[in-house]
Protein chains: 2
Amino acid sequence: MRDQSTTTNSDTSKRRYAILGTGALGGLYGGMLAKAGHEVHFLLRSDFDHVREHGLRVDSIWGDFHLKDVHAHSDAATIPPCDVTIVAMKTTANELLPKLLPGPTGDNGLVLVLQNGLGVEQDVGAIVGEDRVLGGCCFLCSNKVGPGHIKHIDFGRIVFGALRTPSLAAESLSAIQSELVDAGIDAHASDDLRMVRWRKLMWNIPFNGLSVALDASTKEIVEEPHSAAMAETIIREVYEGAKACGAAIDPVWIRKTMDNTRSMVPYDSSMRLDFLAGRPMELETIFARPIRDAMSAGQRMPCVEMLHRQLSFIQSRSRSN
Amino acid sequence: MRDQSTTTNSDTSKRRYAILGTGALGGLYGGMLAKAGHEVHFLLRSDFDHVREHGLRVDSIWGDFHLKDVHAHSDAATIPPCDVTIVAMKTTANELLPKLLPGPTGDNGLVLVLQNGLGVEQDVGAIVGEDRVLGGCCFLCSNKVGPGHIKHIDFGRIVFGALRTPSLAAESLSAIQSELVDAGIDAHASDDLRMVRWRKLMWNIPFNGLSVALDASTKEIVEEPHSAAMAETIIREVYEGAKACGAAIDPVWIRKTMDNTRSMVPYDSSMRLDFLAGRPMELETIFARPIRDAMSAGQRMPCVEMLHRQLSFIQSRSRSN
């Protein structure tokens, strides 16, 4: 697609966004919002100097674009109060949230948590109040391929909802959804965030986990019969765990999760990319919390527990090397 | 220990043995028998020329020795009928048994199957008749470190019994046990072969399997808390599988299996050595058959099934490389 070079001209009638974590996910969605005329403030760490100088480049199946001037911040304290703060960083950095959120969320700002796993809205709610929290899952194949350079290769849907209903967040749900859609993002509102989170776990747990445990791409996993059988067993366990936790997922998603992965372009899961890059894996939110929640609801997930232990072993060894 | 150089002078009053598979296990036990004056015929493959010329060298915690002249055979058909044929080759070569057994077993020879896993006595019984079959498990840390060169580093116990009682094999059990003991081998007779086999699986399934799946030594597995928890979970599953199959194992073996491995010298399991050397792994007898038997008895072993699939994936990938 033709590259669009854009200078941000914010439209003040539109909501102001903060993006905490300008990686594969935050860079894409924040970039789309900025391109559509929103004032968007990006928190960056290692890419800060590069992005301040060269802007943000997004290669996307929705169209390539380059934002020359972006509001880049190396410190959340310099971000002005925003209407919506999107939490898009890895959950392994969630101990930073108490420092990062107060500035951009101000007195009334909402937070949209687009992280992986369970309990992430509660982590944020404990800081800003659960009334102001939205959460969502992204069905997205996107990678950061260089400093300030995002490559979005497949899917892109966000399904999000309010942590509590009624709430300030729930009241704004459909307006925010419209804005995201207007910005070209495939965004859907849901009134059942718990179901959405568990349905995403039906993909994340098997494919993030096995891609590291087997050192394999998602394509290899679904194409080799033994690994495909492992994936399906794990998907079923997560489905049962979800059910015990009160997340009513249509059982058709067991097959659909496998089928969707078969038709996906070959993709390295985020956990495998984290592992290969020597970053910590999101084991707490993607594995430990779902295992604990299901166990509290009386449902064991033995193969998920086994996979979690294997990943913990792998992570512990990679750290000690 | 001082190296003993021995020229075999067979004592014709003692039983004549054949060793099918002169590796870490067959080389050690066959060597001990030959050193004690038994006529022992060794079937060799890749080491045949070396052993015919230089004999067999055994470095053992029971004393080092070197057998200068051994009855080396490259073809089982040249082995004369023996009183006892010890099957000590990998089960992955069991399709060769119909060709290998008739020569050395003759009309009345017994067979002692010292292979890993389940159903190995039945494989042999289908060829020579179940009446003539003994089977046993070796609790042994031994490696072949070079052509005709065995290094026995820890343990060494054989626990063996007859496949059927009463039988020709059962009648000779205690006489053969005495001979093995006289030869310096820590050999014990059991009247419950099924229990012995399943108890050994309580070690083989977790430690052979995890050492390949985690690419780790047994020492690493028992020392890292997550892998140790995996091992213990698997040991418990095998214990339950055994119970369902009628193998009455004292539950103290759950803890004992972990403890024994903790006190073992650091050791690469036979399956890991096979895998690292590019040889096929003994997945059928150590994993597939126990899983099937337990399932037939109404007991699932979910983590064992998962580990089996993971190993099958690893084996399939290593073959396609």
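The values are calculated or read from the model by the stated rules, or taken from the named source; none is laboratory data. Worth saying up front: this structure is predicted, and the values here are computed from it rather than measured. Cβ placement follows ideal geometry from the backbone for every residue including glycine, while neighbour counts extend to all protein chains displayed.
Listed by first and then second residue, the pairs with beta-carbon distance under 9 Å, at least 6 apart or on different chains, first residue in region B:142-160 and among the acidic types (Asp, Glu), second part of a strand (DSSP E or B), are B:ASP154/B:LEU140; B:ASP154/B:CYS141; B:ASP154/B:SER142.
For region B:285-297, the candidate set comprises residues that are under 24 Å from the mean Cα position of the chain (by Cα) and either within 14 Å of chain A (Cβ to nearest Cβ) or among the hydrophobic types (A, V, I, L, M, F, W, C) (or both); within that set, the residue that is nearest to B:ASN116 (Cα to Cα) is B:ILE286. Within region B:239-253, being crowded, with 18+ Cβ neighbours inside 10 Å and within 14 Å of another protein chain (Cβ to nearest Cβ) holds for one residue alone: B:GLY241. Checking each residue in region B:182-225 for being assigned to a helix (DSSP H, G or I), within 12 Å of chain A (Cβ to nearest Cβ) and surrounded by fewer than 20 Cβ atoms within 10 Å (Cβ to Cβ) picks out B:GLU220, B:GLU223, B:PRO225. Does A:GLU179 meet the test of being surrounded by fewer than 17 Cβ atoms within 10 Å (Cβ to Cβ) and either in contact with a strand residue (DSSP E or B) (Cβ under 8 Å, 6 or more places away or on another chain) or modelled with pLDDT of 95 or more (or both)? It is false that A:GLU179 is surrounded by fewer than 17 Cβ atoms within 10 Å (Cβ to Cβ) and either in contact with a strand residue (DSSP E or B) (Cβ under 8 Å, 6 or more places away or on another chain) or modelled with pLDDT of 95 or more (or both). Against the definition (crowded, with 21+ Cβ neighbours inside 10 Å and either farther than 30 Å from A:ARG289 by Cβ or outside the structural domain of A:SER13 (by TED's automatic domain parsing) (or both)), how does A:ARG57 come out, yes or no? Yes: the conditions hold for A:ARG57.
Among the residues of region B:106-144, the one identified as among the aliphatic types (A, V, I, L, M) and either at pLDDT below 95 or not assigned by TED's automatic domain parsing to the domain that holds B:TRP62 (or both) is B:LEU140. Just one of the listed residues (A:VAL111, A:VAL124, A:VAL159) is under 21 Å from A:ILE286 (Cα atoms), outside any helix (DSSP H, G or I) and more than 13 Å from the chain's Cα centre (by Cα), and it is A:VAL111.
So which residues in region A:265-290 are hydrophobic (A, V, I, L, M, F, W, C), within 19 Å of A:ASP154 (Cα to Cα) and buried (at least 19 other Cβ atoms within 10 Å of the Cβ)? Once the filter is applied, which keeps residues that are hydrophobic (A, V, I, L, M, F, W, C), within 19 Å of A:ASP154 (Cα to Cα) and buried (at least 19 other Cβ atoms within 10 Å of the Cβ), region A:265-290 yields only A:MET271.
Filter region A:128-156 down to residues that are in a helix (DSSP H, G or I) and surrounded by fewer than 18 Cβ atoms within 10 Å (Cβ to Cβ) and give me whichever is farthest from the chain's Cα centre (by Cα). Checking each candidate, the answer is A:ASP131. Under the condition of being modelled with pLDDT under 95, farther than 23 Å from B:GLU95 by Cβ and among the aliphatic types (A, V, I, L, M), the residues counted in region B:241-275 number 3.
Go over the candidates B:ALA24, B:ALA34 one by one and state the one that is in the same structural domain as B:PHE139 (by TED's automatic domain parsing), buried (at least 18 other Cβ atoms within 10 Å of the Cβ) and not in a loop (DSSP other than H, G, I, E, B).
That would be B:ALA34, the only listed residue that is in the same structural domain as B:PHE139 (by TED's automatic domain parsing), buried (at least 18 other Cβ atoms within 10 Å of the Cβ) and not in a loop (DSSP other than H, G, I, E, B).
Exactly one residue out of B:ARG317, B:ARG300 is within 14 Å of chain A (Cβ to nearest Cβ), within 18 Å of B:ALA247 (Cβ to Cβ) and without any contact (Cβ under 8 Å) to a residue 12 or more places away in the chain, and it is B:ARG300. Could you tell me whether any residue of region A:81-101 is in a helix (DSSP H, G or I) and over 21 Å from the mean Cα position of the chain (by Cα)? No, there is no match, as no residue in region A:81-101 is in a helix (DSSP H, G or I) and over 21 Å from the mean Cα position of the chain (by Cα). Those residues that are in a helix (DSSP H, G or I) and among the basic types (Lys, Arg), I need them from region B:277-321; list them, please. The answer is B:ARG289, B:ARG292, B:ARG309, B:ARG317, B:ARG319. Criterion applied to B:SER316, B:SER312, B:SER320 was being under 20 Å from A:PRO225 (Cβ atoms) and touching a Leu at 6+ places or on another chain (Cβ under 7 Å), and the one residue passing it is B:SER312. Among the residues making up region B:107-126, those that are surrounded by fewer than 18 Cβ atoms within 10 Å (Cβ to Cβ) and either in contact with a strand residue (DSSP E or B) (Cβ under 9 Å, 6 or more places away or on another chain) or in contact (Cβ under 8 Å) with a residue 40 or more places away in the chain (or both) are B:ASN108, B:GLN122.
Would you call B:GLU179 more than 14 Å from chain A (Cβ to nearest Cβ), assigned to a helix (DSSP H, G or I), at negative phi and free of Cβ contacts under 8 Å to residues at least 24 places away in the same chain? When the stated conditions are applied, B:GLU179 does not pass them.
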